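Beneath this line is the structure, given in structure tokens, with notes to follow.
The values are calculated or read from the model by the stated rules, or taken from the named source; none is laboratory data. Note that the coordinates shown come from a computational prediction; the quantities given were computed from them, not determined experimentally. Counting neighbours? That spans all protein chains shown, and the Cβs are built from the backbone with ideal geometry, glycine included. Just so you know, the surface numbers come from the protein's heavy atoms only, side chains and all, with ligands and any DNA or RNA stripped out. Shrake-Rupley method; radii C 1.70, N 1.55, O 1.52, S 1.80 Å.
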Amino acid sequence: MIYLKTDEEIELLRENNLLVSKTLAEVGRHIRPGVTTRELDTLAETFIRDHGAVPAFLGYQGFPASLCISVNEQVVHGIPSSKCVLKEGDIVSVDCGTFMKGFVGDSAYTFAVGEVGAEARQLMEVTKEALYKGTAQAKAGNRVGDVSAAVQEYAESFGYGVVRELEGHGLGRKMHEDPGVPNYGARGRGPLLREGMVICIEPMINMGTKAVVFERDGWTVRTKDRKPSAHYEFAVAVRRNGPDVLTDFSIIENALKN
Ligand code: MG
Ligand code: MG
């Protein structure tokens, strides 16, 4: 069941995703060698609650934290831990969700810890660009496959692996609504995109193989070959004239400059 949102509902989703963007900026400001992923999770939870929202991931299907923090070969759903100490050269994917005024925010960003190598830097840049390519297709009259194919074609043109087991999704009163938004697919296929749909587009791109392993902690997904992976996520409202991006990466990137 795909729920179309009114303009008012889209503004509530924007409020949530702006708060997610601000939370990710706050997390980004604290990412440095020596910090633990548990510390980042604690400050995100405090920040979200201080802004009148609730962390949407905490307790979701039993997830034990407010952020998913996935380091290097971890793709998504990493559990913050006081034993996980970030070090120079790591890349760290942070996925954040909020719940406020009846709606959910859900966005993600991959950060560099200190100076990262050229290969990892390129993986991050290409994954973010793949997100932008997919987002450009999120307009009424297109199909989900147009988004999927744009992400896949761009990422694969660099020889990267596009994760198949996890995908984007509709976003609204619930974090995971229809339709599913895969990061691979064929143009012109899949559900029709209609005015008022809100979807999360979230490429998970691996430097090496697309194959992933589900760890025994019940959550963490990592690359099979243990090469790094990156993850960026936008919440996007589908409009007649094109995509209306509800997430704001400029907040994060401005925070990283200072
Ligand atoms: Mg997410
Ligand atoms: Mg999502």
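Cα-Cα over 27 Å: which of K22/K87; K22/K174; K139/K224; K139/K227; K128/K174; K5/K224?
Where the Cα-Cα span goes over 27 Å, the pairs concerned are K139/K224; K139/K227; K5/K224.
How high is the relative contact order of segment 126-258? Use alpha-carbon pairs under 8 Å, at least six apart in sequence, and give a whole percent.
Computed value for segment 126-258: 28 percent relative contact order.
Roughly speaking, what is the centre-to-centre gap between segment 86-160 and segment 189-258 when only Cα atoms are used, to the nearest Å?
4 Å
Please report, in cubic angstrom per residue, the volume enclosed by the convex hull of the alpha-carbon atoms of segment 136-258.
Hull volume over Cα atoms, normalised by residue count, gives 135 Å³.
With a sphere of radius 10 Å drawn around the Cβ of G190, what net charge do the other residues whose Cβ falls strictly inside it have (Lys, Arg +1; Asp, Glu -1)?
+2
Can you tell me the accessible area per residue over the chain, all protein chains present, probe 1.4 angstrom, in square angstrom?
42 Å²
Which one of V181, M197, V147 has its Cα pushed farthest toward the positive end of the charge dipole of segment 140-199, where Lys and Arg give +1 and Asp and Glu give -1 at the Cβ?
Value: M197.
Which loop GluC sites (Glu not before Pro) in segment 26-97, with loop taken from DSSP, have no more than 14 other Cβ atoms within 10 angstrom of their Cβ?
Sites meeting the loop and neighbour criteria: E88.
Would you mind working out the magnitude of the charge dipole of segment 136-240 relative to its Cα centre, with +1 at each Lys and Arg C-beta and -1 at each Asp and Glu C-beta, to the nearest 20 Debye?
160 debye
From the convex hull of the Cα coordinates of segment 75-154, what is the mean projected area in square nanometres?
Mean shadow area of the hull around the Cα atoms is 7.5 nm².
As I understand it, the dipole of the chain uses +1 on the Cβ of Lys and Arg and -1 on the Cβ of Asp and Glu, about the Cα centre. Which of V27, I69, G102 lies farthest toward its positive end?
The one lying farthest along the dipole's positive direction is I69.
What part of the accessible area of segment 91-207, given as a whole %, is carbon or sulfur when the probe is 1.4 angstrom?
46 percent
About the Cα centre of segment 22-128, how large is the charge dipole given +1 on each Lys and Arg Cβ and -1 on each Asp and Glu Cβ? Please answer in debye to the nearest 20.
Here segment 22-128 has a charge dipole of around 220 debye.
With charges set only on the Cβ (+1 for Lys and Arg, -1 for Asp and Glu), what does the dipole of the chain come to about its Cα centre, in debye to the nearest 20?
Once rounded to the nearest 20, the dipole reads 320 debye.
In the calculated pair distance distribution of segment 193-252, what percentage of Cα-Cα distances lie above 13 Å?
Result: 69 percent of Cα pairs exceed 13 Å.
Under the definition of Cα pairs under 8 Å and six or more residues apart, what whole-number percent is the relative contact order of the chain?
Computed over the chain, the figure is 24 percent.
At q = 0.09, 0.11 Å⁻¹, what log₁₀ I(q)/I(0) does the chain have when each alpha carbon counts as one equal point scatterer in the Debye sum?
Reported log10 I(q)/I(0), two decimals: -0.34, -0.52.
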